[in-house]
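**Student:** So that we are looking at the same thing, I have put the structure below in C-alpha coordinates.
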Amino acid sequence: MDFDLEELVNVEQTFYEEGYKDGFAHGRVHGAIEGRALGREKGFEMWEELGFYEGFAMMWKTIVQSLPTQDDRTLNHIRHLLDLIAQFPRENPSASAPSELDIPKLFRQIRSRYKLLCSTLGVRPTLRAADGSSVSPDRAGADLPEPTSRGGEKTQGGPKNVWAVHPPGGSLASTELNF
(Lines give C-alpha, C1' and ligand atoms only; values in the text may rest on other atoms or scores of the structure.)
Protein backbone atom coordinates (compact mmCIF):
# COMPACT_ATOMS: atom_id res chain seq x y z
CA MET A 1 0.00 0.00 0.00
CA ASP A 2 1.15 3.34 -0.95
CA PHE A 3 -0.26 6.15 1.26
CA ASP A 4 0.39 9.80 0.82
CA LEU A 5 0.14 11.13 4.34
CA GLU A 6 0.05 14.70 3.10
CA GLU A 7 -3.32 14.04 1.38
CA LEU A 8 -4.75 12.50 4.54
CA VAL A 9 -3.89 15.59 6.55
CA ASN A 10 -5.75 17.86 4.10
CA VAL A 11 -8.83 15.64 3.58
CA GLU A 12 -11.03 17.70 5.87
CA GLN A 13 -9.99 20.97 4.19
CA THR A 14 -10.56 19.47 0.72
CA PHE A 15 -14.10 18.36 1.61
CA TYR A 16 -14.80 21.74 3.15
CA GLU A 17 -13.68 23.59 0.00
CA GLU A 18 -15.70 21.31 -2.31
CA GLY A 19 -18.81 21.73 -0.14
CA TYR A 20 -18.33 25.50 -0.06
CA LYS A 21 -18.05 25.69 -3.88
CA ASP A 22 -21.15 23.54 -4.38
CA GLY A 23 -23.15 25.50 -1.79
CA PHE A 24 -22.07 28.83 -3.23
CA ALA A 25 -23.13 27.83 -6.78
CA HIS A 26 -26.44 26.46 -5.47
CA GLY A 27 -27.07 29.63 -3.41
CA ARG A 28 -26.30 31.86 -6.38
CA VAL A 29 -28.92 30.13 -8.55
CA HIS A 30 -31.62 29.95 -5.89
CA GLY A 31 -30.81 33.45 -4.58
CA ALA A 32 -31.33 34.90 -8.06
CA ILE A 33 -34.66 33.08 -8.41
CA GLU A 34 -35.86 34.17 -4.96
CA GLY A 35 -34.57 37.72 -5.45
CA ARG A 36 -36.36 38.03 -8.79
CA ALA A 37 -39.65 36.86 -7.25
CA LEU A 38 -39.29 39.24 -4.29
CA GLY A 39 -38.36 42.12 -6.60
CA ARG A 40 -41.40 41.46 -8.79
CA GLU A 41 -43.69 41.43 -5.75
CA LYS A 42 -42.27 44.61 -4.23
CA GLY A 43 -42.21 46.33 -7.61
CA PHE A 44 -45.89 45.54 -8.10
CA GLU A 45 -46.72 46.94 -4.66
CA MET A 46 -44.78 50.15 -5.38
CA TRP A 47 -46.43 50.66 -8.76
CA GLU A 48 -49.88 49.96 -7.32
CA GLU A 49 -49.28 52.77 -4.84
CA LEU A 50 -47.82 55.10 -7.49
CA GLY A 51 -50.77 54.38 -9.80
CA PHE A 52 -53.13 55.33 -6.99
CA TYR A 53 -51.29 58.62 -6.44
CA GLU A 54 -51.23 59.41 -10.16
CA GLY A 55 -54.92 58.64 -10.61
CA PHE A 56 -55.78 60.68 -7.53
CA ALA A 57 -53.77 63.67 -8.80
CA MET A 58 -55.20 63.48 -12.32
CA MET A 59 -58.76 63.24 -11.02
CA TRP A 60 -58.33 66.25 -8.74
CA LYS A 61 -56.57 68.20 -11.47
CA THR A 62 -59.63 67.73 -13.69
CA ILE A 63 -61.97 68.68 -10.86
CA VAL A 64 -60.02 71.78 -9.83
CA GLN A 65 -59.64 72.96 -13.43
CA SER A 66 -63.40 72.61 -13.98
CA LEU A 67 -64.21 74.87 -11.01
CA PRO A 68 -65.00 78.53 -11.74
CA THR A 69 -62.31 79.69 -9.30
CA GLN A 70 -59.09 77.70 -9.49
CA ASP A 71 -56.78 77.38 -6.51
CA ASP A 72 -53.23 77.93 -7.75
CA ARG A 73 -51.71 76.34 -4.67
CA THR A 74 -53.66 73.12 -5.19
CA LEU A 75 -52.75 73.03 -8.88
CA ASN A 76 -49.09 73.59 -7.96
CA HIS A 77 -49.16 70.61 -5.55
CA ILE A 78 -50.84 68.46 -8.21
CA ARG A 79 -48.26 69.46 -10.82
CA HIS A 80 -45.36 68.71 -8.44
CA LEU A 81 -46.83 65.31 -7.54
CA LEU A 82 -47.27 64.38 -11.20
CA ASP A 83 -43.71 65.58 -11.96
CA LEU A 84 -42.28 63.41 -9.17
CA ILE A 85 -44.24 60.39 -10.42
CA ALA A 86 -42.93 61.02 -13.94
CA GLN A 87 -39.34 60.88 -12.58
CA PHE A 88 -39.90 57.39 -11.18
CA PRO A 89 -38.12 54.81 -13.40
CA ARG A 90 -40.34 52.74 -15.67
CA GLU A 91 -37.78 49.95 -15.91
CA ASN A 92 -35.16 48.45 -13.65
CA PRO A 93 -32.33 51.01 -13.59
CA SER A 94 -29.80 48.53 -12.18
CA ALA A 95 -30.30 46.13 -15.11
CA SER A 96 -28.95 48.49 -17.79
CA ALA A 97 -26.41 50.78 -16.16
CA PRO A 98 -25.62 52.04 -12.68
CA SER A 99 -27.93 54.87 -11.72
CA GLU A 100 -27.56 57.70 -9.23
CA LEU A 101 -31.34 57.70 -8.67
CA ASP A 102 -32.32 57.18 -5.03
CA ILE A 103 -35.62 55.31 -5.37
CA PRO A 104 -36.55 55.23 -1.64
CA LYS A 105 -35.91 58.98 -1.37
CA LEU A 106 -38.04 59.68 -4.46
CA PHE A 107 -40.80 57.45 -3.07
CA ARG A 108 -40.73 59.36 0.25
CA GLN A 109 -40.99 62.65 -1.66
CA ILE A 110 -43.98 61.34 -3.61
CA ARG A 111 -45.73 60.21 -0.42
CA SER A 112 -45.03 63.56 1.24
CA ARG A 113 -46.35 65.51 -1.75
CA TYR A 114 -49.48 63.31 -1.80
CA LYS A 115 -50.11 64.02 1.89
CA LEU A 116 -49.56 67.73 1.30
CA LEU A 117 -52.05 67.67 -1.59
CA CYS A 118 -54.59 65.84 0.56
CA SER A 119 -54.15 68.45 3.27
CA THR A 120 -54.70 71.24 0.75
CA LEU A 121 -57.84 69.54 -0.58
CA GLY A 122 -59.18 68.68 2.87
CA VAL A 123 -59.20 64.96 2.07
CA ARG A 124 -57.96 62.25 4.41
CA PRO A 125 -54.86 60.60 2.89
CA THR A 126 -55.54 56.88 2.48
CA LEU A 127 -54.33 54.02 0.37
CA ARG A 128 -56.25 50.80 0.44
CA ALA A 129 -55.21 47.53 -1.13
CA ALA A 130 -57.19 46.42 -4.15
CA ASP A 131 -58.98 43.69 -2.18
CA GLY A 132 -59.92 46.12 0.63
CA SER A 133 -58.38 43.88 3.27
CA SER A 134 -56.62 46.80 4.96
CA VAL A 135 -59.89 48.43 6.02
CA SER A 136 -60.52 47.71 9.67
CA PRO A 137 -64.12 47.10 10.76
CA ASP A 138 -64.11 50.06 13.13
CA ARG A 139 -63.06 52.37 10.24
CA ALA A 140 -65.37 50.90 7.61
CA GLY A 141 -67.66 53.94 7.49
CA ALA A 142 -65.15 56.54 8.65
CA ASP A 143 -64.47 57.96 5.19
CA LEU A 144 -68.09 58.68 4.36
CA PRO A 145 -68.84 62.38 3.97
CA GLU A 146 -70.68 64.12 6.76
CA PRO A 147 -74.11 65.46 5.89
CA THR A 148 -74.16 68.93 4.41
CA SER A 149 -76.84 71.26 3.34
CA ARG A 150 -77.56 71.62 -0.39
CA GLY A 151 -74.70 72.93 -2.45
CA GLY A 152 -71.96 71.56 -0.19
CA GLU A 153 -71.93 74.48 2.25
CA LYS A 154 -70.24 74.08 5.56
CA THR A 155 -72.44 72.67 8.29
CA GLN A 156 -72.29 73.97 11.83
CA GLY A 157 -68.85 73.23 13.23
CA GLY A 158 -68.03 70.66 10.55
CA PRO A 159 -65.56 70.77 7.67
CA LYS A 160 -66.69 71.89 4.25
CA ASN A 161 -67.32 68.87 2.04
CA VAL A 162 -66.24 68.73 -1.56
CA TRP A 163 -69.34 66.89 -2.79
CA ALA A 164 -72.88 68.05 -2.18
CA VAL A 165 -75.33 65.47 -0.84
CA HIS A 166 -78.50 65.41 -2.96
CA PRO A 167 -81.83 63.90 -1.93
CA PRO A 168 -82.92 60.71 -3.73
CA GLY A 169 -84.71 61.38 -7.00
CA GLY A 170 -83.24 64.88 -7.35
CA SER A 171 -81.72 66.14 -10.59
CA LEU A 172 -77.97 65.59 -10.87
CA ALA A 173 -77.50 66.93 -14.39
CA SER A 174 -75.52 69.97 -13.23
CA THR A 175 -73.13 67.99 -10.99
CA GLU A 176 -71.85 65.33 -13.40
CA LEU A 177 -68.18 65.30 -14.26
CA ASN A 178 -66.82 64.41 -17.69
CA PHE A 179 -63.27 63.17 -17.98
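The values are calculated or read from the model by the stated rules, or taken from the named source; none is laboratory data. Note that the structure is predicted; figures quoted are calculated from it, not measured. Virtual Cβ from ideal backbone geometry, glycine too; neighbours counted across all protein chains shown. Keep in mind that these areas ignore ligands, DNA and RNA; they rest on the heavy atoms of the full protein, side chains included. Shrake-Rupley method; radii C 1.70, N 1.55, O 1.52, S 1.80 Å.
**Student:** Might you work out the accessible area of TYR114 for me, using a 1.4 Å probe with all protein chains in place, and round it to the nearest 10 Å²?
**Tutor:** 10 Å²
**Student:** Okay, next question. At a probe size of 1.4 Å, how large is the accessible area of ARG108, to the nearest 10 Å²?
**Tutor:** 140 Å²
**Student:** Taking all protein chains together and a probe of 1.4 Å, list GLU17, GLU12 from the most accessible to the least accessible.
**Tutor:** Details: GLU17 85, GLU12 150 Å².
Descending accessible area places them as GLU12, GLU17.
**Student:** Using only the Cα atoms of the stretch 1-84, build the gyration tensor, take square roots of its eigenvalues as a ≥ b ≥ c, and label the shape rounded, prolate or oblate: rounded if a/c is under 1.5, else prolate if a/b is larger than b/c, else oblate.
**Tutor:** It comes out prolate by the Cα gyration axes.
**Student:** Once both labels are modelled 7 Å past Cα along the beta-carbon direction, what's the TRP47-ASP83 spacing in nm?
**Tutor:** Placing both labels 7 Å along Cα→Cβ, they lie 2.6 nm apart.
**Student:** What does the convex hull of the alpha-carbon atoms of the stretch 39-127 project to on average, in nm²?
**Tutor:** One quarter of the hull surface, i.e. the mean projection, equals 6.1 nm².
**Student:** Moving on to the next point. How do VAL123, VAL64 stack up against each other in accessible area, from largest to smallest, with a 1.4 angstrom probe?
**Tutor:** Descending accessible area places them as VAL123, VAL64.
**Student:** OK, next. Please give the contour-minus-distance gain from GLU18 to GLU91: 0.36 nm per residue of separation, less the Cα-Cα distance, rounded to one decimal in nm.
**Tutor:** The GLU18-GLU91 span can extend by a further 22.4 nm.
**Student:** Take ILE103, ILE33, ILE85 and sort them by solvent-accessible surface of the protein heavy atoms, 1.4 Å probe, largest at the top.
**Tutor:** ILE33, ILE103, ILE85
**Student:** So if we plug the beta-carbon distance of MET59 and HIS30 into 1/(1 + (r/R0)^6) with R0 = 41 Å, what FRET efficiency do we get, rounded to 0.05?
**Tutor:** 0.40
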